[in-house]
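Worksheet: one structure, shown below.
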Amino acid sequence: MKFVADFHIHSKYSRATSPLMDLENLDRWGAIKGINVLGTGDFTHPKWFEEIKQKLEPAEPGLFMLAQSDSGIRFILTAEISCIYSKGGKVRKVHIIVFAPSISAVEKINEKLNKIGNLHSDGRPILGLDAKELAKIVLSADENCLVVPAHAWTPWFSVFGSKSGFDTLEECFEEYTKHIYAIETGLSSDPAMNWRLSQLDKITLISNSDAHSLPKLGREANVFDTELSYMGVFDAIKTKDNSKFLSTIEFFPEEGKYHYDGHRLCNLSLKPEQSKKYNNICPICKKPLVIGVLNRVAELADRPEGFAPKNAIPFKSLIPLNEIIAESIGSPVASKKVVEHYNNLIKNLGNEFKILLESTEKEIKEKSLPEIAEGVIKMREGKVLIEPGYDGVYGKIKIFSGQNQNTLF
């Protein structure tokens, strides 16, 4: 069965997250977006876990559905955990996504983690726990759990981050590296950037939204054609089988908020070669630059740009529909006009992924405006111009510039 999955999201119990991120709204918005399988997120939080147990009921093996819902949306048990600890003479800050195949496995994980830190404080708990030790705890709960480094390249909180990460997975996970089957590429990198590292050839590259609000769901996602079950997903990821794991849906990485180097407070954005010219020191405030993902990938890469491994899982770079509409009509993303056009397109043409990937220019034009239809087609063709993001500032993307900066895969 072919389906779209977004595994990494957050609930209303996570900091800086919309209070609307509850199971009922996630179920509704999953259908709007065209997502078939959603991560629950935050299963370590006691109140959220209680809601999961009360409101979800078993569906296919290892998957769950909202009770009395006919949306068809399935949920898979996931959580993100922030590990902050010292190793190798440095402070490490590594975020990990955990997948669990059952409620009982989650209960075992939560019981052990509750002895280490405060699980009530945040949907994404901060624990003074070595990432290797977290892997040990998770896999001891159930060998079919998945341990996946989250947004693997972001500077501050990731396995390869320039500020607090490692140069290899082995440095981080040691003997448990053999159980690390995937990494999440994050919004500021795409698979092509990761293909430059031979150390990742056996690692599956997954993509997720890390959504903190409903409209952000599915801004990155994964497309499978396999059994609709937890083990179907597990096996497709573990084996890196591109007949079962068909593709990922990506941000244009330049739009991510850590693509370039720079300093937000100094309003300074730099390409890696410019940073090198300044010895990675901000020429304005004289403090170290925040080294972004593009630079960090180049630092660890052992292959040239453009290299593609055999049997690599392909990807498509998309722009969220509301952003396309906003630029097409010259209104803010959250404006009433954008919302009206968005809702009208969903009502008449189906879910967002169908509109972005399948609807014809004529169909979109008939149900909205010629400018919106043109924007979708330009996005598909990669005819976009992007001012890259840096140091926590999202990149700015323009469609109506006539420039062809990126080519979709």
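Where a number appears in this text, it was derived from the coordinates with a stated rule and is not lab data. Just so it is clear, the structure is predicted and the values come from calculations on it, not from any experiment. Quick reminder, even Gly has a Cβ in these numbers, built from the backbone with ideal geometry, and neighbours come from all protein chains shown.
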Practice problem: Show the residues, 5+ positions off or on another chain, whose built amide H is closer than 5 Å to the amide H of V290. | Solution: G262
Exercise. State to the nearest 20 debye the size of the charge dipole of region 2-254 about its Cα centre, where the only charges are +1 on K and R beta carbons and -1 on D and E beta carbons.
Key: 540 debye
Self-check item: Order of T168, T226, T248 under a 10 Å beta carbon neighbour criterion, fewest first
Solution: T168, T226, T248
Quiz item: How do L217, L265 line up, fewest other C-beta atoms within 10 Å first?
Solution: L265, L217
Quiz item: Which whole-Hz couplings ³J(HN,Hα) result when phi for each residue of region 59-74 is put into the Karplus expression 6.51 cos²θ - 1.76 cosθ + 1.60, θ = phi - 60°, listed in order with x for Gly and Pro?
Solution: 10, 5, x, x, 10, 9, 9, 5, 4, 6, 9, 10, 5, x, 6, 10
Exercise. Could you give the size of the charge dipole of region 320-383 about its Cα centre, using +1 on the Cβ of each K and R and -1 on the Cβ of each D and E, expressed in debye and rounded to the nearest 20?
Key: 100 debye
Quiz item: What number, rounded to the nearest 500 deg cm²/dmol, is the helix-based mean residue ellipticity at 222 nm of the chain, given -39500 (n - 2.57) per DSSP H run of at least four residues and division by all its residues?
Solution: -8500 deg cm²/dmol
Exercise. Quick one: which residues, 5 or more positions from F252 or on another chain, have an amide H under 5 Å from its amide H? H modelled 1.01 Å from N in the peptide plane, none for Pro or chain starts.
Key: L318
Quiz item: Across region 200-205, in residue order, what do the Karplus-derived ³J(HN,Hα) couplings come to in whole Hz, using 6.51 cos²θ - 1.76 cosθ + 1.60 with θ = phi - 60° and x for Gly and Pro?
Solution: 9, 4, 9, 9, 7, 9
Exercise. Using only alpha carbon pairs under 8 Å that are at least six residues apart, calculate the relative contact order of region 1-133 and give it in whole percent.
Key: 26 percent
Practice problem: Rank A312, S213, N279 by how far each Cα sits towards the positive end of the charge dipole of region 212-371 (+1 on Lys, Arg Cβ; -1 on Asp, Glu Cβ) and give me just the farthest. | Solution: N279
Quiz item: Can you tell which of G262, I103, S189 lies farthest toward the positive end of the dipole of the chain, using +1 and -1 charges on the Cβ of basic and acidic side chains (Lys, Arg; Asp, Glu)?
Solution: G262
Quiz item: With the calculation restricted to Cα positions, what are the radius of gyration and Dmax of region 320-383 in angstrom?
Solution: 10.3, 28
Quiz prompt | For region 150-164, Karplus couplings with θ = phi - 60° (6.51, -1.76, 1.60), whole Hz, Gly/Pro x | solution = 7, 5, 4, 10, 4, x, 8, 9, 7, 5, 10, x, 5, 8, 8
Quiz item: So which aspartates and glutamates can K378 reach, going by Cα to Cα under 15 Å and dropping same-chain residues fewer than 8 places off?
Solution: E323, E327, E358, E361
Exercise. Give the relative contact order (percent, whole number) for region 305-392; include only Cα pairs under 8 Å separated by 6+ residues.
Key: 26 percent
Self-check item: Check: region 136-249 dipole with +1 on Lys, Arg Cβ and -1 on Asp, Glu Cβ, in debye
Solution: 280 debye
Self-check item: Mean Cα-pair separation over length for region 2-254, i.e. relative contact order, pairs under 8 Å, 6 or more apart, %
Solution: 21 percent
Quiz prompt | Ranked list, fewest to most other Cβ atoms within 10 Å of each Cβ, for E143, E184 | solution = E143, E184
Practice problem: Express in whole angstrom the spacing between the alpha-carbon centres of region 76-141 and region 1-59. | Solution: 19 Å
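Going down the table (K47/K347; K163/K354; K47/K316; K277/K398; K47/K93; K47/K202), which pairs top 31 Å between alpha carbons?
Beyond 31 Å: K47/K347; K163/K354; K47/K316; K47/K202.
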Quiz item: Along the charge dipole of region 320-383, Cβ charges K/R +1 and D/E -1, which of G330, S368, L356 sits furthest on the positive end?
Solution: S368
